[in-house]
Number of protein chains: 2
Amino acid sequence: MKKTSGEILKSSSLSITDGRKKILDIFLSAPNALAHQDIELKCKEKFDRVTIYRTLQAFLEKGIIHTIPSSDNITRYALCNDDCIDSGHHHDNHVHFSCDECGKTICLDETAIPSVRLPNGFRAHQINMIVSGVCKSCL
Amino acid sequence: MKKTSGEILKSSSLSITDGRKKILDIFLSAPNALAHQDIELKCKEKFDRVTIYRTLQAFLEKGIIHTIPSSDNITRYALCNDDCIDSGHHHDNHVHFSCDECGKTICLDETAIPSVRLPNGFRAHQINMIVSGVCKSCL
DNA sequence: AATCATTTTGCAACAAAGTTGCATTATTTC
DNA sequence: GAAATAATGCAACTTTGTTGCAAAATGATT
Ligand SMILES: [Mn+2]
Ligand SMILES: [Mn+2]
Ligand SMILES: [Zn+2]
Ligand SMILES: [Zn+2]
């Protein structure tokens with residue numbers, strides 16, 4: 001059973017506001033990762049740009065969403081799995097896929113990032129893997 | 001024997017200008033990846049901001065440098081190995097490391113990106129792996 | 001349910017990053 | 001060296017993100 005936006009906000013001890021509920025609902029029903037601009041287009045007339053920035057910031061800190069690095073320099077956000085919310089720090093260990101055709105970025109939640117052996121002297125804390133190519137829908 | 005900036009520009013059929021030579025020299029002597037701002041700080045008084053943008057763009061297209069995706073939304077550039085220049089398309093298959101301490105990003109040229117098995121229906125064209133943590137110098 | 005303390009929001013103003021058009025200057029070709 | 005071609009600097013602009021502050025909304029308390 002999936003949690004509602006209200007429940008997620010409550011369990012993250014964020015006060016429940018129209019803006020946060022709306023933005024979280026957008027994430028909950030989105031099939032792909034969202035950039036700030038995507039969210040702005042979906043609720044520009046309702047909420048200020050600054051509010052969206054601050055909301056995303058709050059969600060990030062609470063472990064509700066995570067960012068996805070990209071070559072095109074646009075920060076994209078996607079929902080975390082529940083563990084991030086509870087534990088307070090991110091451990092999204094899956095591969096991200098960016099489609100060259102449709103431009104969409106998605107979380108491959110089932111695809112774990114393979115381990116890699118670094119040169120001596122380097123200590124890894126976090127690993128990101130972004131694969132680009134053609135996605136399932138565009139093939 | 002390392003190529004000079006002039007030789008690299010010539011073999012990429014780019015006309016040789018003071019700006020391009022200077023910026024390429026900065027890359028040739030840099031131990032880490034450079035953001036636009038890093039370059040600007042090193043030659044602000046000499047070249048216009050726009051010229052730096054256009055130079056980086058030209059270097060990218062010619063396969064002289066490649067971009068490194070990052071979470072902090074800052075595009076960083078580093079020299080490609082020679083193959084990219086000759087073949088005309090990028091195939092920088094190494095891991096990138098971003099140090100949380102010193103903030104520097106470096107190419108781990110000797111560390112190949114491990115292969116990963118994607119779900120059915122996805123076709124990979126390019127793979128990026130960015131490891132963050134503590135680098136050799138900061139340990 | 002009304003009150004009060006605490007957060008959140010919208011607005012304005014700003015800073016930084018990146019792009020485009022165009023006249024001027026530099027580089028290459030002949 | 002002259003002509004053709006390409007690169008540069010400047011101005012103007014867009015997009016992205018940040019900050020301070022007053023007004024509005026939320027959550028806790030009575
Ligand atoms: Mn993800
Ligand atoms: Mn590299
Ligand atoms: Zn696609
Ligand atoms: Zn370091």
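The values are calculated or read from the model by the stated rules, or taken from the named source; none is laboratory data. Bear in mind that the values here come from a model prediction, so they are computed numbers and not experimental data. Don't worry about glycine lacking a Cβ; one is built from the backbone with ideal geometry, like all the others, and counts go over all protein chains shown.
Annotations
- Of the residues in the stretch B:3-20, none is under 30 Å from residue A:67 (Cβ atoms) and surrounded by fewer than 18 Cβ atoms within 10 Å (Cβ to Cβ).
- Taking the stretch B:85-139 as the range and being out of contact with any strand residue (DSSP E or B) (no Cβ under 8 Å at 6 or more places or on another chain) and within 16 Å of residue A:69 (Cβ to Cβ) as the test, only B:103 passes.
- Candidates A:41, A:28, filtered to the one that is more than 25 Å from residue B:113 (Cα to Cα) and in contact with a strand residue (DSSP E or B) (Cβ under 9 Å, 6 or more places away or on another chain): A:28
- The single residue among B:97, B:122 that is surrounded by 15 or more Cβ atoms within 10 Å (Cβ to Cβ), modelled with pLDDT of 95 or more and within 16 Å of ligand 3 (Cβ to nearest atom) turns out to be B:122.
- Taken over the stretch B:15-58, the residue count meeting the criterion of being within 7 Å of DNA strand D (Cβ to nearest atom) and in contact with a helix residue (DSSP H, G or I) (Cβ under 6 Å, 6 or more places away or on another chain) is 5.
- All helices (runs of 4 or more DSSP H) inside the stretch B:23-139 with 2 or more residues being within 14 Å of chain A (Cβ to nearest Cβ): B:36-43, B:49-62
- Matching residues in the stretch A:43-62 - criterion: being surrounded by 18 or more Cβ atoms within 10 Å (Cβ to Cβ), within 14 Å of residue A:21 (Cα to Cα) and more than 7 Å from DNA strand C (Cβ to nearest atom): A:52, A:56, A:59
- Hey, residue B:132 more than 16 Å from DNA strand D (Cβ to nearest atom) and surrounded by 14 or more Cβ atoms within 10 Å (Cβ to Cβ) or not: yes
- Flag if residue A:69 is surrounded by fewer than 15 Cβ atoms within 10 Å (Cβ to Cβ), within 16 Å of ligand 2 (Cβ to nearest atom) and not basic (Lys, Arg): no
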